Amino acid sequence: MAGNTITKPSDLSCTPSRAARELGLKRGDFDLAVHLGRVRTVPDEEGGGRRVTHSEIDRLRSAAGFPDTLIESVRTVGTTEGAALMEVTSARFTRLARLGLVVPVKFYLNRYRAVVWLYLAEELRQFAADKNHTSLLNGRTPERLRDQLQEGLDLRPRNWRGRHLGFLLHQATDPWERAGALAALLDPVKVAEIVQDPYERAHLNRFRPEPPAHGAPGSAAAHLAERIMTADDPDEISWLRADLTQVLDEARRHRPAPRPTGELAVPRPTASSPFLSERRPEPMPEPAPTPDAEPAPEPERSRGMLGWLRRRSA
């Protein structure tokens, strides 16, 4: 009977692949639309990742100019096409990008393993239309900015990381996920300096997103993508560490990291007492052997857990 029909969450939503087809988007463009907030997603209650509700698809399909408007809002261009959109030379466009004045939205590695940065066409048109940017587009680059370029300044990786972090934090649903998003941009060695408890570190790693897929795991392309994902500027590292420390305190109050059953609670080292030592109980004295008792065999020495946490190369 219709009155007894139970509506499942999966009946009200669909997978990202199907949503992309319904919206006329390539899968990569759909993922970018989600990152930019153009398409809203919801958690899968059955633990299968993110899903898109049918009502959200209906909302987008009913918008004026669909699907052209949606497709154009996520169209990306490289340096050559971006320079043409802004009516500048490719060299000037690259200088603007290195100075952080135009921000990449994603990247890929070409067959020579060179990083190709991509920009939102919509944002480039807006930048070019702003009268405050006329001198940057047509005039001589200020000496201060030229000096920074000569010193090797290139803010493209950092700006992409900032944009990617914003997406990860927006998708996070609790403090541990937010902590994992921050940890994803830090070298594992630096994370270990902040999270000294191994059980906490293992729990945090469960929420640490992987870098965007580029090449097979362990390949040169994958390692290069991982380096782009990892903060290398001292200022950037400093505020990431500070934010991670703060969010971790919130995560511990929200839900402590799980530990093996029966383990004694050990005080966590803190910033004010990094070398906090744990007090070990005094060993119990062994009973005196009886005259007829044979000596008990000496127990085997337990082997240490070598390589409990392997550091990933940067």
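Odds and ends about this structure:
- Odd one out for G139 among (1) open to solvent by less than 40 Å² (accessible area, probe 1.4 Å); (2) free of Cβ contacts under 8 Å to residues at least 40 places away in the same chain; (3) closer than 30 Å to V52 by Cα: (3)
- The set of residues in segment 58-80 being touching a residue at least 24 places away in the same chain (Cβ under 8 Å) and open to solvent by 90 Å² or more (accessible area, probe 1.4 Å) consists of R61 alone.
- Pick from segment 227-255, criterion of a type in the set (V, I, T) and part of a helix (DSSP H, G or I), ranking: most open to solvent (accessible area, probe 1.4 Å): T245
- Candidate set: segment 208-226, residues that are in contact with a strand residue (DSSP E or B) (Cβ under 9 Å, 6 or more places away or on another chain) and part of a loop (DSSP other than H, G, I, E, B); chosen: the one most open to solvent (accessible area, probe 1.4 Å): G215
For (1) within 26 Å of V77 (Cβ to Cβ); (2) at pLDDT below 95, each residue gets a yes or a no:
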{"site": "T5", "(1), (2)": "no, yes"}
{"site": "R21", "(1), (2)": "yes, no"}
{"site": "F30", "(1), (2)": "yes, no"}
{"site": "V39", "(1), (2)": "yes, no"}
{"site": "E45", "(1), (2)": "no, yes"}
{"site": "G48", "(1), (2)": "no, yes"}
{"site": "I57", "(1), (2)": "no, no"}
{"site": "L60", "(1), (2)": "yes, no"}
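- Q196 vs. criteria outside any helix (DSSP H, G or I), at pLDDT 85 or above, of a type in the set (S, T, N, Q) and open to solvent by 50 Å² or more (accessible area, probe 1.4 Å): yes
- Selection from segment 81-124 of residues that are without any contact (Cβ under 8 Å) to a residue 12 or more places away in the chain and either open to solvent by less than 20 Å² (accessible area, probe 1.4 Å) or basic (K, R) (or both): A83, R111
- Verdict on A202 being of a type outside the set (S, T, Y), over 16 Å from the mean Cα position of the chain (by Cα) and not in a loop (DSSP other than H, G, I, E, B): yes
- Verdict on A225 being farther than 23 Å from L32 by Cα and among the hydrophobic types (A, V, I, L, M, F, W, C): no
The values are calculated or read from the model by the stated rules, or taken from the named source; none is laboratory data. Remember, it's a predicted structure, so these values are computed and weren't measured experimentally. Note: ideal-geometry Cβ built from the backbone for every residue, glycine included; neighbour counts use all protein chains shown. Ligands, DNA and RNA are stripped out before the accessible areas are found, and what is left, the full protein with its side chains, is counted by its heavy atoms. Shrake-Rupley method; radii C 1.70, N 1.55, O 1.52, S 1.80 Å.
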